[in-house]
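What follows is a single structure, written as structure tokens, with notes after it.
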Amino acid sequence: MNSQERLVYMANQIARNVATQPEPQAIVAVADHIKAFWDPRMKAMILAAPEGLTPVARAAVERLRTVQ
Amino acid sequence: MTYSRQADFGTPEAHSDKAVTLTVDGRPVTVPAGTTVMRAAAEIGTAIPKLCATDSLKQFGSCRLCLVEIDGARGTPASCTTPVAEGMVVHTQTPRLQKLRKGVMELYISDHPLDCLTCAANGDCELQDQAGAVGLRDVRYGKEGATHLGQAKDQSNPYFDFDPSKCIVCSRCVRACDEVQGTLALTIEGRGFGSKVSAGLASDDFLGSECVSCGACVQACPTATLSEKSLIEIGTPERAVVTTCAYCGVGCTFRAEMRGEQLVRMVPWKDGKANRGHSCVKGRFAWGYATHKERITRPMIRASIDQPWREVSWDEAFAHAASELKRIQAKYGRRSVGGITSSRCTNEETFLVQKLIRAGFGNNNVDTCARVCHSPTGYGLKTTFGTSAGTQDFDSVMQADVILVIGANPTDGHPVFASRMKRRLRPKNGQPGARLIVVDPRRTDLVRSPHIEAAHHLPLRPGTNVAVLTAMAHTIVTEGLADEAFVRERCDWDEYQEWAEFVSRPENSPETLAAVTLVDPAELRGAARLYATGGNAAIYYGLGVTEHSQGSSTVMAIANLAMATGNIGRPGVGVNPLRGQNNVQGACDMGSFPHELSGYRHVSDPDARALFEADWGVAIDPEPGLRIPNMLDAAVDGAFKALYVQGEDILQSDPNTSHVAAGLAAMECVIVQDLFLNETANYAHIFLPGSTFLEKDGTFTNAERRIQPVRKVMEPLNGHADWEVTQLLARALGLDWNYRHPSEVMDEIARLTPSFAGVSFARLDELGSIQWPANDKAPDGTPVMHIDGFVRGKGKFVVTDYVPTDEKTGPRYPLLLTTGRILSHYNVGAQTRRTANTAWHPEDRLEIHPVDAEDRGLKDGDWVRLASRAGETSLRALVTDRVAPGVVYTTFHHPQTQANVVTTDYSDWATNCPEYKVTAVQVSPSNGPSHWQEDYEALSERARRIETAEAAE
Ligand code: SF4
Ligand code: SF4
Ligand code: SF4
Ligand code: FES
């Protein structure tokens, strides 16, 4: 896995672990998690190339784009 | 200061609300009911002669030396077995007693070698003292006839000798091994004159026996029979300084007994609240690494890692490090550098390293070794309870009725606490002990040991902790065993209901989940019922919980279980992480994580930042920094170029070694500060020699949040304590730091961290230790947390869905590898491998079930190849049914094995804590070391060369 792939994997993994929540909350949870724990370069990388994200993770990344 | 032994009150302290007053030799004394006459006398400084009694053990009454006379009582009762009574009048010294005692002593001495002048215990021997105390001047018999003199010594243990000729058969050692340690390695063999102490079978010596070398028997022995080899070699100590063990998270306190600057022995301190006078082989004996010949004491630099090291002056090393860091930041940006704090260094040192990074480097790229062990504890307990720490003190276990141990092996990992736990698990005075539930893929020692049998052992498939805990929750909720009154009062009721609905679903029943967990549903239901209804129930967990892709979820699932059953907020219950390294708790508290300032405040919190900015006079980056695995990824990408590592060996301790190596190799400046040229130093450009815990002042914080002093007993061999090295590096970078002593660092920590507001070195000297939070509300600290409410307000239930790991077995990798540790070694073994502890664990072995071994044509002791998707290594097999079929197990103490070559870089979803505990592997016969091992061996030999310095400082 290269770094980009790993970030996508990590975002999807977070989404899978909050999947029991209703989708809107799950999206917020993933976005908040990334915001709180990822460094700026990691955030920039996932924003720049969100390919391969599952729907919830993808929506979370889009949310990050708007709130940032 | 002159040397004296710690006072011995003869018999253990009695606990009672009732006070009893008596007179001893005409002096009144008031003690709790149940106290012995011996102890009452000792309280007012009257030392009644004694041999078989000592205050760490139950009274025994065999030597008959402690006789006293009591007005109105017949005969001369033994003071160590006679309880006090109101109005009792005791005489400890009368002509009759004197005569009786002399007679007893004479018998002992007649069968004892009279080589006091050359005896190792000369001046530190209770037999000698008592002979003096009873006024023995002459020995009439024993000159002919049978004696026990001239027997062969047992010198098999690397740290202490057993000289049976000097034994007076008081059985203190036997009782210590039983009552204090709980191993029961020793017995008194034979009867009467023929009786003697034995380590098991007649053929057994100490090393070959069940003995775990904890030292409790040596401590208890009143004679020179059991003596430390170091004492025999060096002589008796002349001063003692109380300090804290630098090995594990139990945090035992010791008296470092010194002769000049030479350490004679480490003796467990009876007043230590974490260990209460007990110790394990590591803290008690394995300190020889401090003066090991491989220790590096002078700074070294090199331009690239294929060059030999060059010794330089401290000034040159700091100037070079500073110029490299500045050059790299100028070229690659402010965020291209970072650092790693140590869970082995003191709180003060850790605080300074993270300060250097946040204030000096100007970013938050700081992480700590806790990343790879307990970061999920931080995340999980903060989310559910509001604070990242265990809820109890160690004493609390004595009030537990049910003990649930999950993913922890305390007898190996936390031995002194395990002894305490065992004391609670064993029946006592006719009362049954606490009942035990063990959730672990392996049959750990605790499951079945002398006088202890787990009520339930759930041998789950590695990686299914969440499923097991959810199934337990299912049982508790659907069978109506939850404590709803507690939940309504203390937790968010809506969140509870969502959680209860989730766990109650049929797909979460033990029967359905058995397909993934492989745990017998009836056994699991039994365990859940016991936990919910057996009285005070306490959970203890370790790295078997955290080091998984669902580590954080598991911690939260544990917290859910405790809240749902009301097992939180009083003594005897709670959620207790057992920490690996000595200062993991402290490292986390001190702001070692890239997203948090000290005291667990997020860097995006403007108020918290403002506090630090005002104190430090710099701006703090509001963005979280890189975690260790992220640093390595960024390094491989070329975006992260320099790393300052204090006291950690990430190359050996972190998963997927080849990825770590690639990350380190991609950096332009790696600064390693350590005692030895560790594995990470193979990739370093600057080496700053570190100091040991014996060479500095500071504090460690143990697993029960207890802050304890570390005290300097000798000058640093390398010239500077670690905090000074960091300060000098900071100064070279232009920061105006002027700490004169670590106490000033602690004052700064207290000023900036609300939960430490009441902590200072002066307070620590006064109280001995303090459990945080310590502030105006709790000036003496906080033994049990969340008593009247959770730190976050309402306890939060979090739904934890079982998500299987992506590390899956298949035809090529059909077995699951899980990793752990053993008693005599510590972490990557850098210290313990440099001590005589190698007598017990000279190599890492692969435990494999007989069925799996036979399928592969393997015998015990064969070399095997252990391969995963990440890499392969080889080691020797140990065929045992401790592990289930399909599961293999090893430790990671030896660099030759490099167990982390095979571990993958899957990690916890919330914290990136690596999934050490589950790797799909294949095992096959092999003839010896793998390619990686050979290549690595060659590389480290090359990388460790040191050029002989021409120009001295
Ligand atoms: S060292 Fe500890 S385990 Fe060994 S015999 Fe003594 S008390 Fe028992
Ligand atoms: S070895 Fe020491 S403690 Fe044990 S019975 Fe002999 S004298 Fe007593
Ligand atoms: S290693 Fe742990 S249990 Fe052993 S003496 Fe040190 S602190 Fe105590
Ligand atoms: S000390 Fe009381 S009988 Fe030995």
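Laid out as a table, the results:
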quantity: Odd one out for A:ASN2 among (1) touching a helix residue (DSSP H, G or I) at 6+ places or on another chain (Cβ under 6 Å); (2) within 14 Å of chain B (Cβ to nearest Cβ); calculated: (1)
quantity: Single match in B:PHE640, B:PHE676, B:PHE687, B:PHE693 (criterion: closer than 21 Å to B:LEU729 by Cβ, within 14 Å of chain A (Cβ to nearest Cβ) and not polar (S, T, N, Q)); calculated: B:PHE640
quantity: Contacts under 8 angstrom Cβ, first residue in the range B:1-30 being closer than 17 Å to B:LEU57 by Cβ, partner aromatic (Phe, Trp, Tyr) and within 16 Å of ligand 3 (Cβ to nearest atom), 6 or more apart; calculated: B:GLN6/B:TRP269
quantity: Scope the range B:204-247; condition within 12 Å of ligand 1 (Cβ to nearest atom) and in contact with an Asp or Glu (Cβ under 7 Å, 6 or more places away or on another chain); matching residues; calculated: B:ASP205, B:PHE206, B:VAL218, B:THR225
quantity: Which numbered condition A:ILE34 misses (of (1) touching a residue at least 24 places away in the same chain (Cβ under 8 Å); (2) over 9 Å from the mean Cα position of the chain (by Cα)); calculated: (2)
quantity: Residue match in the range B:708-716 (condition: modelled with pLDDT under 90 and buried (at least 22 other Cβ atoms within 10 Å of the Cβ)); calculated: no
quantity: Tally, over the range A:19-37, of residues that are out of contact with any His (no Cβ under 9 Å at 6 or more places or on another chain) and closer than 22 Å to A:SER3 by Cβ; calculated: 5
quantity: Near pairs, Cβ below 6 angstrom, 6+ apart or cross-chain, from the range B:117-137 (within 14 Å of chain A (Cβ to nearest Cβ)) to any residue that is within 16 Å of ligand 4 (Cβ to nearest atom) and assigned to a helix (DSSP H, G or I); calculated: none
quantity: Matching residues in the range B:217-266 - criterion: being of a type in the set (A, V, I, L, M, F, W, C), within 16 Å of ligand 2 (Cβ to nearest atom) and in contact (Cβ under 8 Å) with a residue 60 or more places away in the chain; calculated: B:ALA220, B:ALA224, B:LEU226, B:LEU231, B:ILE232
quantity: Residue within the range B:59-68 that is in a loop (DSSP other than H, G, I, E, B), more than 16 Å from ligand 4 (Cβ to nearest atom), on the phi < 0 side of the Ramachandran plot and surrounded by 14 or more Cβ atoms within 10 Å (Cβ to Cβ) present; calculated: no
quantity: Subset tally (residues that are over 13 Å from A:ALA57 (Cβ atoms) and within 9 Å of another protein chain (Cβ to nearest Cβ)) for the range A:13-29; calculated: 2
quantity: Identity of the residue in the range B:572-627, within 14 Å of another protein chain (Cβ to nearest Cβ) and of a type in the set (Asp, Glu), that ends up farthest from B:LEU561 (Cα to Cα); calculated: B:ASP621
quantity: From the options B:GLU648, B:GLU668, residue that is away from ligand 4 (no atom under 16 Å from the Cβ), touching a residue at least 12 places away in the same chain (Cβ under 8 Å), over 33 Å from the mean Cα position of the chain (by Cα) and away from chain A (no Cβ under 14 Å); calculated: B:GLU668
quantity: When residues of the range B:248-258 are limited to those that are at pLDDT 90 or above and away from ligand 1 (no atom under 16 Å from the Cβ), the one farthest from B:ALA216 (Cα to Cα); calculated: B:MET258
quantity: Where B:ASN678 falls short, out of the listed (1) outside any loop (DSSP other than H, G, I, E, B); (2) at pLDDT below 90; calculated: (1)
quantity: In the range B:53-81, residue nearest to the chain's Cα centre (by Cα) [restricted to those that are polar (S, T, N, Q) and away from ligand 2 (no atom under 13 Å from the Cβ)]; calculated: B:GLN59
quantity: Any hit, the range B:916-933, residues being aromatic (Phe, Trp, Tyr), at pLDDT 80 or above, closer than 30 Å to B:THR383 by Cα and part of a loop (DSSP other than H, G, I, E, B); calculated: no
quantity: Scan of the range B:523-542 for residues that are touching a helix residue (DSSP H, G or I) at 6+ places or on another chain (Cβ under 8 Å) and either assigned to a helix (DSSP H, G or I) or charged (D, E, K, R) (or both), ordered by number; calculated: B:LEU524, B:ARG525, B:ALA527, B:ALA528, B:ARG529, B:TYR531, B:ALA532
quantity: Residue match in the range B:561-573 (condition: at pLDDT 90 or above, of a type in the set (S, T, N, Q) and assigned by TED's automatic domain parsing to the domain that holds B:ASN347); calculated: no
quantity: Filter pass, A:GLU62 being within 13 Å of another protein chain (Cβ to nearest Cβ), in a helix (DSSP H, G or I) and of a type in the set (Asp, Glu); calculated: no
quantity: Verdict on A:MET10 being assigned to a helix (DSSP H, G or I), under 22 Å from B:TYR802 (Cβ atoms), within 13 Å of another protein chain (Cβ to nearest Cβ) and in contact with a Ser or Thr (Cβ under 9 Å, 6 or more places away or on another chain); calculated: yes
quantity: Qualifying residues in the range B:793-819 (those that are modelled with pLDDT of 85 or more and in contact with a helix residue (DSSP H, G or I) (Cβ under 6 Å, 6 or more places away or on another chain)) - the one farthest from the other protein chains (Cβ to nearest Cβ); calculated: B:GLY795
quantity: Filtered residues of the range B:298-312 (kept if part of a loop (DSSP other than H, G, I, E, B) and among the basic types (Lys, Arg)); calculated: B:ARG298, B:ARG302
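The values are calculated or read from the model by the stated rules, or taken from the named source; none is laboratory data. Keep in mind the model is a prediction, meaning the values are calculated, not measured. For neighbour counting, all protein chains shown are included, and Cβ atoms are generated from backbone atoms with ideal geometry for every residue, glycine included.
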